[in-house]
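Visitor: I'd like to ask some things about the structure below.
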Amino acid sequence: MAVTTTTDVVVTDAAPAASRARFRFLRGGKTRTGLLILAFFAVLAVAGPWLAPYDPDAMSDQLLRPPSADHWFGTTQTGQDVLSQILVGTRGVLLVGFLAGILATVLSVLIGVSAGFLGGAADELLSMLSNIFLVIPGLPLIIIIASFVEDTGDLLIASVIALTSWAWGARVLRAQTLSLRRRDYVEAARATGESTWRIILFEVMPNLTAVIASGFVGTVIFAVLSEITLAFIGVADISHWNWGTVLFWAQSNQALAQGAWWWFVPAGLCIALLGTALSLINFGIDEFVNPRLRTATGASRKVRMRVGFTPVARTASPGTPASPGTPESPGTPESPGTPSKEHTA
């Protein structure tokens, strides 16, 4: 009796290069789509005043005209060009969003990581500070400040939003730091005599990069929506153009009742597109950080099994030739190129 055995399976697993592994975050379709849309609005924010065909404050005799070749997004009740207002107002929206995001992220990193790594009395004090700022409402505070300040500019709004939105990110970073400060590589760095701040910067912070980026994107989304909301209700300075200011004047002049859809629809679409872009980037970061979702971005290592490593006997029907390389019966020879060992009993 002859027993035929095959050799072990060769599994092809091409490990990605180190340089490619650094950019795994950009492989996801959600991330690339969000970054492309965000880059488009960034270009408009920089070059918007030069791309605007008209002065956004200039009035004309073309009152409440629908979109045309002269005015792509139509005109307002006073003859102002809506496209020019959208282009000029993009800078204010992104400026407040990213400035508030940067300030809030810096505060959350300084307080959250320091509290989680230092521990003791410092942790208690910084945690108490985070809890206090966690319950301070941002929008009502801005409304109160705007009632006492004559010029409620973008810098003031961004600062107030940052000061009232860093606490949640700080608590998340503190929890992550508590789980990292007792790892083996941190203990090894501490045993070699490394300073505390060097351990934080070079051992702990690199492992918090994705969490910090996710918190930054979330703060930018909140700041953008807050800025537009404040402008829409008339709290912010309505002499400075942004998308909320466009909606404010459209609502004040009853654009919807007059059927002037072109007055408010473009601004609403821009808000939706920017929010979608930031949300897609946030989802991409979440998929990159979460191991359970990492397969969605293609970051996981794919292993392909060779087909046919175990010979299977198939009985061909009468008149039907057997497929090449497939034994017709248990006693037939194996396909060429398949290593085997024969043992005779």
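Visitor: Over the heavy atoms of residue 55, what accessible area does a 1.4 Å probe trace out, to the nearest 10 Å²?
Guide: 90 Å²
Visitor: Which parts of region 43-64 would a label at residue 238 reach, counting a residue when its backbone N lies under 16 Å from a point 7 Å out along Cα-to-Cβ?
Guide: 57
Visitor: Still on this structure, I have one more. State the extension gain, in nm to one decimal, for the chain segment bounded by residue 33 and residue 150, taking 0.36 nm per residue of separation less the distance between their alpha-carbons.
Guide: My answer for the length gained is 38.1 nm.
Visitor: Please list, in order along region 201-210, the HN-Hα scalar couplings obtained from phi with the Karplus expression 6.51 cos²θ - 1.76 cosθ + 1.60 (θ = phi - 60°), rounded to whole Hz, x for Gly and Pro.
Guide: Running phi through 6.51 cos²θ - 1.76 cosθ + 1.60 with θ = phi - 60° gives 6, 10, 10, 8, 4, x, 7, 10, 4, 5 Hz.
Visitor: State the volume of the convex hull built on the alpha-carbon positions of region 107-154, expressed per residue in Å³ and rounded to an integer.
Guide: 87 Å³
Visitor: So, taking all protein chains as they sit and a 1.4 Å probe, how much accessible area belongs to residue 54, in Å² rounded to tens?
Guide: Rounded to the nearest 10, that gives 90 Å².
Visitor: Shifting gears a bit: Order 128, 205, 59 by their accessible area, 1.4 angstrom probe, all chains in place, largest first.
Guide: 59, 128, 205
Visitor: Residue 198 to residue 59: extension gain in nm, 0.36 nm per residue of separation minus the Cα-Cα distance? Don't skip to the end; give the middle numbers.
Guide: Values: separation 139, 0.36 × 139 = 50.04 nm, distance 5.90 nm.
Going from the current span to full extension adds 44.1 nm.
Visitor: Moving to a separate point now. With a 1.4 Å probe and every protein chain left in place, tell me how much accessible area residue 61 has, in Å² to the nearest 10.
Guide: Its heavy atoms expose roughly 130 Å² to the probe.
Visitor: Please give, to one decimal in nm, the separation of the simple spin-label points placed at residue 141 and residue 68, each 7 Å out from Cα toward the Cβ.
Guide: With each label placed 7 Å out from Cα toward Cβ, I get 4.9 nm.
Visitor: Still on this structure, please answer the following. Where the centroid of each part is defined by its Cα atoms, how far is region 189-236 from region 106-152 in Å?
Guide: 13 Å
Visitor: Along region 166-176, what does the Karplus equation 6.51 cos²θ - 1.76 cosθ + 1.60 (θ = phi - 60°) give for ³J(HN,Hα), rounded to whole Hz, x for Gly and Pro?
Guide: 8, 5, 5, x, 5, 5, 5, 5, 4, 5, 5
Visitor: Could you work out the local net charge near residue 242, counting Lys and Arg as +1, Asp and Glu as -1, over the other residues with Cβ closer than 12 Å to its Cβ?
Guide: Around residue 242, the surrounding residues sum to -2.
The values are calculated or read from the model by the stated rules, or taken from the named source; none is laboratory data. Worth saying up front: this structure is predicted, and the values here are computed from it rather than measured. Using ideal geometry, Cβ is built from the backbone for each residue, glycine included, and neighbour counts are taken over all protein chains shown. In case anyone asks, the SASA skips ligands and DNA or RNA and just uses the protein heavy atoms, side chains included. Shrake-Rupley method; radii C 1.70, N 1.55, O 1.52, S 1.80 Å.
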